[in-house]
Number of protein chains: 2
Amino acid sequence: MSPERESGTSLDVLPTPSLLVDLDRLEANLCRMQQRCDRLGVALRPHVKTHKCVEIARRQVELGARGITVSTLAEARTFADAGFTDLTWAFPVIPSRLPEAAELARRVTLRLTVDTPEGLAGLEAAARAAGLRLHALLEVDCGDHRSGVDPHSERALELARALAGSPHVAFDGLLTHSGHAYRSRSRAEAAAVAEEERSVMAALADRLRHDGIEVATVSVGSTPAMCAAEGLSGVTEARPGNYAYFDATQVTIGSCQVADCALTVLATVVSSQPATGRAVVDAGALSLSKDAGPEDAELPSMGRIFRDPEAGVLEPDLRLTALSQEHGELSAPRPVGERLRILPNHSCLAVACFDCVQAVRGGEVIDTWTVHRDR
Amino acid sequence: MSPERESGTSLDVLPTPSLLVDLDRLEANLCRMQQRCDRLGVALRPHVKTHKCVEIARRQVELGARGITVSTLAEARTFADAGFTDLTWAFPVIPSRLPEAAELARRVTLRLTVDTPEGLAGLEAAARAAGLRLHALLEVDCGDHRSGVDPHSERALELARALAGSPHVAFDGLLTHSGHAYRSRSRAEAAAVAEEERSVMAALADRLRHDGIEVATVSVGSTPAMCAAEGLSGVTEARPGNYAYFDATQVTIGSCQVADCALTVLATVVSSQPATGRAVVDAGALSLSKDAGPEDAELPSMGRIFRDPEAGVLEPDLRLTALSQEHGELSAPRPVGERLRILPNHSCLAVACFDCVQAVRGGEVIDTWTVHRDR
């Protein structure tokens, strides 16, 4: 990453709450996942919803990412405006937003996601109206049971045939999200989810090819599965997002160590009362989100506190026990005015609380990046 | 409220997800709380963190509110810029933000909140540096055990004396927040919390007056307590916020009926899979927050769905069972493309997900208001 500022601003003078990214950890995380994908023989198409930062997405592409993944049309537009030309909107098409999507597809390659006949009908209507073919992927449910067609169903085959046969669609292949890897409690469990995801997708792709349907893309991924996957034969690309920052949830799953977590929220102790034996920081639900993290975490909390952020060491017992809108309740007293760095349960949601993130190296802020959180 | 647009835009053409406020319910909620405060003989100083809307705060003042309450310095600045001149920042002073607070205090009456000796020392230093007296309230813990001094402690008396005696402070009185009223499960329970809050605060104010300390303001409040309070003798003002919109949590507590809830999230069904018997809407954690609502709600959910939004009638069984960043999982299949209105668990946090709110009357959008969610 090439920071704009020559010399840094000390963290000590930053207003709180602030969102911080440790540049060295970020860089290590980005490199590690790119190398992993290279070794596994798949393209990396990182999900930018985690960071919502143009600067970080650019670095991901520099390191070898083949396009990016977005979660909303607003995100697609922002990154298209910033010069990204190969985007996958990994969300079932929203019928009413398709005219806007078609407009965007005039200037970039925008791959849309379809998992229902109604979605396809909407896509075809929008493509017809715009006078162009729209790129589409068929979303498959590989076990998360959120969205996507049942890969073993006749419906999956019918929808794939309809997509591949539509004159209004450029059918690119298959896409899935192993969200259930988030329920893993070890790398071995996450690896099993990744293998199930791979085999389901490879089998469906083969089945479609057997029927004469071209399946160029077989896209999988979640950070837990991609940190654990041992082989991805039959898969062409992966779309993890969280790996750029990691968080307390990923530590519990075993995707990373605490020392890999790149994102923290800087907060100040604003109240500490002898009567309650507690303290309060100025980081609540609007700095960390209300994500409660894994129920079976070693120390259930709404956020853990770093003892030594540079070394990546947490306070063993201190934690946030409850969050209201702007208050975070600490489990023990701390000196008023002390500045703490908090490890969020879910970095993607913490990011979306802030307008910008401070890029930090060696205890100094050396750049400030916009978080594109517009809806 | 005086909408800017003459004729409305149909809800049917609004992009989803969108945040909607029903203007008639909002107006009724605002009037009812003002009347309640008038009847109870206390000033209303509404907390604007719920709506973050200048237009709504203006209406609250028109209806009789005496000043407003804010949760952050950014909010204070926004509302000061919009012409509000009497603000209480109901959050323990953040030492590093005090120079900025003092700057703001040059142009508006900004009441700061102190609950520690360190907070007072910071306040005095900032006042000295700015060459002005800063208005301050002593925050008291009336049972929520989040922030605020123990009202029965020597520390409370000492801090009150120090505030009242400081040449740098204009001591305005006492402030508390009955956050524990949110743990009530009936109006009767909330009324008991309100009475405890009242009696604790009135007793401490009397004690201080007995010691010769002037206590002009005795400020209390939370929406559940203020919807249930039967008498507020000894109290001078109340600071509820949520009452403007209400939400599923307030329904469970008994603060309101479903038909009083003014805020909904408009979403579209984007996926519905026969294999899972579920559906997905385009409103996830970044539209509703991850607030899980009351554990003992009649139907635990991440959001309830309106069957008839105009009549204020919910679908009896349909609910959001899980939220990921942009996906909301519905408990049953629904037609793809159907537009649903969702009742959030926590309206304050849902509001903070959006840049603007659509002001709706009779199924039409007649105005769009900025949500000032800058940090």
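The values are calculated or read from the model by the stated rules, or taken from the named source; none is laboratory data. Keep in mind it's a predicted model, so treat the numbers as computed, not measured. Every residue, glycine among them, receives a Cβ derived from its backbone with ideal geometry; neighbour counts consider all protein chains shown.
Evaluate region A:87-108: report whether one residue or more is touching a helix residue (DSSP H, G or I) at 6+ places or on another chain (Cβ under 8 Å), modelled with pLDDT of 95 or more and of a type in the set (Phe, Trp, Tyr).
yes
If I go through region B:106-133 residue by residue, how many of them are of a type outside the set (D, E, K, R), under 10 Å from B:Pro92 (Cβ atoms) and touching a residue at least 40 places away in the same chain (Cβ under 8 Å)?
3
Can you pull out every residue in region B:302-334 that is touching a residue at least 60 places away in the same chain (Cβ under 8 Å) and closer than 30 Å to A:Gly241 by Cβ?
Matches in region B:302-334: B:Gly328, B:Leu330, B:Pro333, B:Arg334.
With respect to A:Ser347, determine if the residue is of a type outside the set (Asp, Glu), under 22 Å from the mean Cα position of the chain (by Cα) and buried (at least 24 other Cβ atoms within 10 Å of the Cβ).
Considered against the rule, which asks whether it is of a type outside the set (Asp, Glu), under 22 Å from the mean Cα position of the chain (by Cα) and buried (at least 24 other Cβ atoms within 10 Å of the Cβ), A:Ser347 comes out as yes.
What are the residue pairs meeting all of these: first residue in region A:173-188, first residue at pLDDT 95 or above, second residue part of a helix (DSSP H, G or I) and acidic (Asp, Glu), Cβ atoms under 6 Å, and 6 or more apart or on different chains?
A:Ser178/A:Glu197
Considering every residue within region B:41-48, establish whether at least one is farther than 19 Å from B:Phe354 by Cα, buried (at least 23 other Cβ atoms within 10 Å of the Cβ) and within 14 Å of chain A (Cβ to nearest Cβ).
Looking for residues that are farther than 19 Å from B:Phe354 by Cα, buried (at least 23 other Cβ atoms within 10 Å of the Cβ) and within 14 Å of chain A (Cβ to nearest Cβ), one finds none in region B:41-48, hence no.
I want to confirm something. Restricting to region B:73-102 and keeping residues that are facing chain A (nearest Cβ under 9 Å) and in contact with a strand residue (DSSP E or B) (Cβ under 8 Å, 6 or more places away or on another chain), which single residue is nearest to B:Glu237 (Cα to Cα)?
Going through the qualifying residues, I end up with B:Phe91.
Only one of (1) buried (at least 24 other Cβ atoms within 10 Å of the Cβ); (2) of a type outside the set (Gly, Ala, Ser); (3) under 25 Å from B:Pro274 (Cβ atoms) fails for B:Glu329. Which number is that?
The number of the failed condition is (1).
Is there a residue being part of a strand (DSSP E or B), away from chain B (no Cβ under 14 Å) and in contact with a strand residue (DSSP E or B) (Cβ under 7 Å, 6 or more places away or on another chain) anywhere in region A:320-336?
Checking region A:320-336: not a single residue is part of a strand (DSSP E or B), away from chain B (no Cβ under 14 Å) and in contact with a strand residue (DSSP E or B) (Cβ under 7 Å, 6 or more places away or on another chain).
Specify which of the listed residues (A:Ile342, A:Ile366) is more than 14 Å from every other protein chain (Cβ to nearest Cβ), among the β-branched types (Val, Ile, Thr) and within 23 Å of A:Val270 (Cα to Cα).
None of the other options fit; the residue is A:Ile342.
Given the conditions (1) surrounded by 23 or more Cβ atoms within 10 Å (Cβ to Cβ); (2) on the phi > 0 side of the Ramachandran plot, and given that B:Ser71 satisfies all but one, which numbered condition is not satisfied?
Of everything listed in (1) surrounded by 23 or more Cβ atoms within 10 Å (Cβ to Cβ); (2) on the phi > 0 side of the Ramachandran plot, B:Ser71 misses just condition (2).
When you go through (1) under 18 Å from the mean Cα position of the chain (by Cα); (2) surrounded by fewer than 24 Cβ atoms within 10 Å (Cβ to Cβ); (3) within 28 Å of B:Thr113 (Cα to Cα); (4) more than 14 Å from every other protein chain (Cβ to nearest Cβ) one by one for B:Ala244, which number turns out not to apply?
For B:Ala244, the failing item is (2).
Name the single residue that is farthest from A:Leu314 (Cα to Cα) among those in region A:345-363 being in contact with a Gly (Cβ under 8 Å, 6 or more places away or on another chain) and within 11 Å of another protein chain (Cβ to nearest Cβ).
Selected residue: A:Cys348.
State which residue is nearest to the chain's Cα centre (by Cα) when the search covers only region B:259-299 and only residues that are of a type in the set (Val, Ile, Thr) and within 22 Å of B:Leu14 (Cβ to Cβ).
B:Thr264
Only one of (1) among the hydrophobic types (A, V, I, L, M, F, W, C); (2) out of contact with any His (no Cβ under 8 Å at 6 or more places or on another chain); (3) modelled with pLDDT of 95 or more fails for A:Val281. Which number is that?
A:Val281 satisfies all of (1) among the hydrophobic types (A, V, I, L, M, F, W, C); (2) out of contact with any His (no Cβ under 8 Å at 6 or more places or on another chain); (3) modelled with pLDDT of 95 or more except (2).
Can you tell me which residue within region A:118-167, out of those that are farther than 18 Å from B:Val336 by Cα and within 14 Å of another protein chain (Cβ to nearest Cβ), is farthest from the chain's Cα centre (by Cα)?
Top of the filtered list is A:Glu154.
Return the total of residues in region B:45-78 being closer than 18 Å to B:Thr113 by Cα and under 15 Å from the mean Cα position of the chain (by Cα).
So the answer is 13.
Only one of B:His210, B:His180, B:His168 is within 19 Å of B:Phe91 (Cα to Cα) and assigned by TED's automatic domain parsing to the domain that holds B:Pro92; which?
Only one candidate passes the filter, namely B:His180.
Since A:Pro167 meets every condition but one in (1) assigned to a loop (DSSP other than H, G, I, E, B); (2) of a type outside the set (A, V, I, L, M); (3) touching a strand residue (DSSP E or B) at 6+ places or on another chain (Cβ under 9 Å), which condition does it not meet?
Of the numbered conditions (1) assigned to a loop (DSSP other than H, G, I, E, B); (2) of a type outside the set (A, V, I, L, M); (3) touching a strand residue (DSSP E or B) at 6+ places or on another chain (Cβ under 9 Å), the odd one out for A:Pro167 is (3).
What residue, of B:Glu237, B:Glu230, is among the charged types (D, E, K, R), farther than 22 Å from B:Thr368 by Cβ and in contact with a Ser or Thr (Cβ under 6 Å, 6 or more places away or on another chain)?
B:Glu237
Please specify each residue of region A:273-301 satisfying the condition of being without any contact (Cβ under 8 Å) to a residue 12 or more places away in the chain and within 7 Å of another protein chain (Cβ to nearest Cβ).
The answer is A:Ala275, A:Thr276.
Got a sec? Which of A:Leu123, A:Leu110 is aliphatic (A, V, I, L, M), more than 16 Å from A:Arg239 (Cβ to Cβ) and assigned by TED's automatic domain parsing to the domain that holds A:Ala162?
On inspection, the qualifying residue turns out to be A:Leu123.
Exactly one of these conditions fails for A:His372: (1) within 30 Å of B:Pro15 (Cβ to Cβ); (2) more than 14 Å from chain B (Cβ to nearest Cβ); (3) out of contact with any strand residue (DSSP E or B) (no Cβ under 9 Å at 6 or more places or on another chain). Give me its number.
For A:His372, the failing item is (2).
Let me spell it out: the conditions are (1) in contact with a Lys or Arg (Cβ under 9 Å, 6 or more places away or on another chain); (2) farther than 15 Å from A:Arg239 by Cβ; (3) acidic (Asp, Glu), and A:Glu154 meets all of them except one. Which number is the exception?
(1)
Quickly run through region B:168-191 and pick out the residues that are away from chain A (no Cβ under 13 Å) and charged (D, E, K, R).
Listed by number, the residues that qualify are B:Asp172, B:Arg185, B:Arg187, B:Glu189.
For the structure I just gave you, tell me whether B:Ala28 is away from every other protein chain (no Cβ under 14 Å), farther than 19 Å from B:Val351 by Cβ and of a type outside the set (D, E, K, R).
no
Looking for whichever is at pLDDT 95 or above and farther than 27 Å from A:Ala350 by Cα here; the options are A:Leu120, A:Leu44, A:Leu73, A:Leu112. Which one fits?
Of the residues listed, the single one that is at pLDDT 95 or above and farther than 27 Å from A:Ala350 by Cα is A:Leu120.
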